[in-house]
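As structure tokens, the structure follows; a few thoughts come after it.
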Amino acid sequence: MARKHTSTGNISSHRVDRRARQRVVAVGGAAAVLLASSAAATAAATVTGTAGLTAVASTSALVHSVDPSPTTAAASADTTAAPTSTPTATTAAPTATPATTVEPTARATATDAGPAGSNAVGAAEAPNPLAASSASAQGGVTASVLAEQFRAYLAGRPGSTSVALYDAATGETVVSSSATTRTGWETASTVKLDILAALLSKTGQSGQLTSSQTALAKKMISISDNASATSLWNQAGGSAGMNAFYQRLGMSATTAGAGGKWGLTKTTASDQLAVLRAVAYPNTTLSTAARATAKSLLDGVISSQRWGLTAGVPSGVAVEIKNGWLPYDGGWVINSLAHVHGNGRDYVMAAYTRDSASESTGIATVEGLSRIAWAAGTVRG
């Protein structure tokens, strides 16, 4: 069974003055994950101290029916059952389950059980314990150091990855990517949090969805139901409505999936922090009541899907998480969004991966980033 993270405290209670912390430091390559322009074909690691909204409320991507058609699968996203969380480090990669299956039972953590020649990642995904101890002893790391840690780790991982972290305690943001010219990653079911936020942005001060929307949103978030997501995507205005919402949040590197294919929305980890901040912290896009509605829905996520950015986080620390997974374009899309808070820490993190040979490989990449983030401690300027 997965470690259970209990939600504690009010996720909108941590506010910081971020205007005084606006800064940009480029480490190890181009900072193109922040823009829709092409990144240099070298490792990119960017650090920014951004102003504006902070933090995240998110939840896990959950159970889905199986569609044998890759094209149809891409249209609705996350069409294979996601793995459940277990502490076992050598579980084989999960396989697609029948449409009647509600909860999958297999889960990979540290070992990639893909084809011969694929790498075992138990050691690679964890940060250096000595470095972690040093970070804790010194009260955390600088943003540039954490960006470099992400970059170095991703240099040894397959596929392409975009990762971003915002530390609400200090107002520092770290953005990094693997060595890739890619400028967009498919959202898969992480877009369901975007859909929820877009709908809540239209509720004004009441912050309440209609009764029918609430019923659909509960299924979309708690079990990541695709049919509910399609209905709510349409109610949010489809691609046009979602693009307008993204523009409102200043998400210049995000484009809604066309033709109802919401799972193929293209984004970056950096852009997704804008949605997560809007859901969790006071802002002009979502009212206090709307954020409370979002949190109540996020609290309903089933425990079996809390893999990804929960890795390395101690028991008792609250983690709200929304995951996405999709077999696509000859590989796997594995994504995770999380708000981690407790035990003196408060940060939001987004990780988007593509082109992993197996589902478990992508999950291991994300979980390695999560361990590095927690071990690093508070991110300083």
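The values are calculated or read from the model by the stated rules, or taken from the named source; none is laboratory data. Values in this document were obtained by computation on a predicted structure and should not be read as measured data. Positions of Cβ are backbone-derived with ideal geometry, glycine not excepted, and every protein chain shown enters the neighbour counts. Just the protein is used for accessible areas: all its heavy atoms, side chains included, with ligands, DNA and RNA removed. Shrake-Rupley method; radii C 1.70, N 1.55, O 1.52, S 1.80 Å.
Odds and ends about this structure:
- Segment 221-297 - convex hull of the alpha-carbon atoms, volume per residue in Å³: 97
- Solvent-accessible area, 1.4 Å probe, carbon plus sulfur percent, for segment 230-381: 49
- Solvent-accessible surface (1.4 Å probe) assigned to residue 219 amounts to roughly 90 Å².
- Cβ-derived FRET efficiency at R0 41 Å, residue 206 paired with residue 329, nearest 0.05: 0.50
- Rounded, prolate or oblate (a/c below 1.5 giving rounded, otherwise prolate when a/b exceeds b/c) for segment 261-369 by Cα gyration tensor: oblate
- In this simple spin-label model, placing a label point 7 Å from the Cα along the Cα-to-Cβ direction at both residue 234 and residue 214 gives a separation of 2.3 nm.
- Here residue 266 is the anchor, and the lysines within straight C-alpha reach of less than 29 Å, apart from those fewer than 8 places off in the same chain, are 192, 202, 218, 219, 295, 322.
- Per residue solvent-accessible surface (Å²) - segment 295-381, probe of 1.4 Å: 21
- Gap separating the Cα centres of segment 252-290 and segment 304-337, nearest whole Å: 17
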